[in-house]
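S.K.: Okay, handing you the structure first.
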Amino acid sequence: MKKLSLLLVGFLLIFTLAACTAEEEAVGENGEEIPKIGVTVYKFDDNFMSFVRRAIEKHGEGKADLILNDSQNDQAKQNEQVEMMISKGVKSLAINLVDPQAAATIISKAKEADLPIVFFNKEPSSEDMSSYEKCWYVGTTSAEAGIIQGELVTDTWKANPDWDRNGDGKLQYVMLKGEPGHPDAEARTKYVIETIIEKGIEVEELELQTGMWDSAKGKELMDAWLAKHGDKIEYIISNNDAMALGAINSLKAEGYFKDDKFMPVVGVDAIPDALTQIEEGVLVGSVLNDARNQGKGALDLALNAANGKDILEGTEWKLDDKKAVRVPYVAITIDNIQEAKDCYAQ
Ligand code: GAL
Ligand code: CA
């Protein structure tokens, strides 16, 4: 009996070793060994993040053996995925947190395994970032999207005096907010309004609720708000395009965007579906959130970290004092729509 189990253990060992070496055989274009990199996306089912994910995959081709995980909007699941990837021998991690507050948990796991981490899209707090030497961030300056969106609202509002339907000189708006506590959602919500006010326009908030970045939730909220306020609403400001597109569906069902019935809507991301709406004269504009460069940046840094190189080696990225690479946002209207199209063409 004892002999048999020893034999079994022996076999198992051989099999595991064989499996390990088989897994380690990923090679690059020139036959060289390429490092395993563990990637998580907070949920695959997010319009904008699906473009970031594609950019990571594309730029990783032939250079990294990527283990990609859908964290399904569940931080506990993501924690397990990180442990699994560490046990599979990844050389670095590229993490899109589910909960921005969970960075410390992920950092402690990486620290234990002495693994570098590149966070992307959801920025950890500066305390978390400074708690570990081997962590970096790739994303944007969240407030910038709000400021640019505020300028878009202001310019279009001033150019279209009839949008002030009740003629009271104030802009009555509803706000579709992204995930509460998400640095992008908080900053966009705050800075878009601050910018409009700074530019001399009085505002009145009719509604502000979270649509969790999600199109279906954006539509639901807009259905309710239209039923309640009708055309007392003068502007729809959305933290992202997915929710703006949901709102547009709701408006279309109420007869907007035909026979002179119009409602201004602005978003952020400039994803292809939003660009179509801009071309059709429905969406006023958006703010390009450069998925391609954020995906590429996250991969570039994670790859350098995995290869034990200097984090910026061979790249044109720059780090700020928060160890962050920040890709700029760009205002998108019909006039420069091609810039956004190129970005998403990949
Ligand atoms: C934002 C983006 C949203 C959503 C979110 C997910 O930067 O604008 O559409 O994808 O990230 O964290
Ligand atoms: Ca008004």
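Residue-by-condition table, conditions (1) buried (at least 22 other Cβ atoms within 10 Å of the Cβ); (2) touching a residue at least 24 places away in the same chain (Cβ under 8 Å); (3) not acidic (Asp, Glu); (4) not in a loop (DSSP other than H, G, I, E, B):
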residue: MET129; (1), (2), (3), (4): no, yes, yes, yes
residue: VAL138; (1), (2), (3), (4): yes, yes, yes, yes
residue: GLY146; (1), (2), (3), (4): yes, yes, yes, yes
residue: GLU186; (1), (2), (3), (4): no, yes, no, yes
residue: LEU206; (1), (2), (3), (4): no, yes, yes, yes
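S.K.: Taking GLY167, is it small (Gly, Ala, Ser), at pLDDT 95 or above and within 13 Å of ligand 2 (Cβ to nearest atom)? Break it down into steps so the answer makes sense when it comes.
M.R.: Details: small (Gly, Ala, Ser): yes; at pLDDT 95 or above: yes; within 13 Å of ligand 2 (Cβ to nearest atom): yes.
Yes: the conditions hold for GLY167.
S.K.: If you take the residues in the stretch 33-66 that are under 19 Å from the mean Cα position of the chain (by Cα) and over 18 Å from VAL138 (Cβ atoms), which one is surrounded by the fewest Cβ atoms within 10 Å (Cβ to Cβ)?
M.R.: ASP45
S.K.: In addition: Residues ILE236, ILE248, ILE278: which one is within 16 Å of ligand 2 (Cβ to nearest atom) and not in a loop (DSSP other than H, G, I, E, B)?
M.R.: On the way: ILE248 fails: within 16 Å of ligand 2 (Cβ to nearest atom); ILE278 fails: within 16 Å of ligand 2 (Cβ to nearest atom).
Exactly one of ILE236, ILE248, ILE278 is within 16 Å of ligand 2 (Cβ to nearest atom) and not in a loop (DSSP other than H, G, I, E, B), namely ILE236.
S.K.: Residues LYS261, LYS318: which one is free of Cβ contacts under 8 Å to residues at least 40 places away in the same chain, surrounded by fewer than 18 Cβ atoms within 10 Å (Cβ to Cβ) and either of a type in the set (Asp, Glu) or farther than 19 Å from GLU144 by Cα (or both)? If you could, list the steps in order and put the result at the bottom.
M.R.: Working: LYS318 fails: either of a type in the set (Asp, Glu) or farther than 19 Å from GLU144 by Cα (or both).
Only one candidate passes the filter, namely LYS261.
S.K.: Output the qualifying pairs, or none if there are none: Cβ atoms under 8 angstrom, residues six or more apart or on different chains, first residue in the stretch 88-112 and outside the structural domain of ASP65 (by TED's automatic domain parsing), second residue surrounded by fewer than 23 Cβ atoms within 10 Å (Cβ to Cβ) and not in a loop (DSSP other than H, G, I, E, B).
M.R.: Note: no pairs meet the criteria.
S.K.: A follow-up question, please. Considering the stretch 166-182 alone, what residues qualify as being outside any strand (DSSP E or B) and either within 9 Å of ligand 1 (Cβ to nearest atom) or more than 22 Å from MET49 (Cα to Cα) (or both)?
M.R.: The first filter runs over the stretch 166-182 and keeps only residues outside any strand (DSSP E or B), leaving 166-169, 178-182.
Scanning the stretch 166-182 gives ASN166, GLY167, ASP168, GLY169, GLY178, GLU179, HIS182.
S.K.: Could you say whether any residue in the stretch 140-149 is charged (D, E, K, R) and within 16 Å of ligand 1 (Cβ to nearest atom)?
M.R.: At the first step, the residues of the stretch 140-149 found to be charged (D, E, K, R) are 144.
After this cut, where a residue has to be within 16 Å of ligand 1 (Cβ to nearest atom) as well, the list is 144.
Within the stretch 140-149, one or more residues are charged (D, E, K, R) and within 16 Å of ligand 1 (Cβ to nearest atom).
The values are calculated or read from the model by the stated rules, or taken from the named source; none is laboratory data. What you are looking at is a predicted structure, and each value in this text was computed from that prediction instead of being measured. Cβ atoms come from the backbone with ideal geometry, glycine included; neighbour counts cover every protein chain shown.
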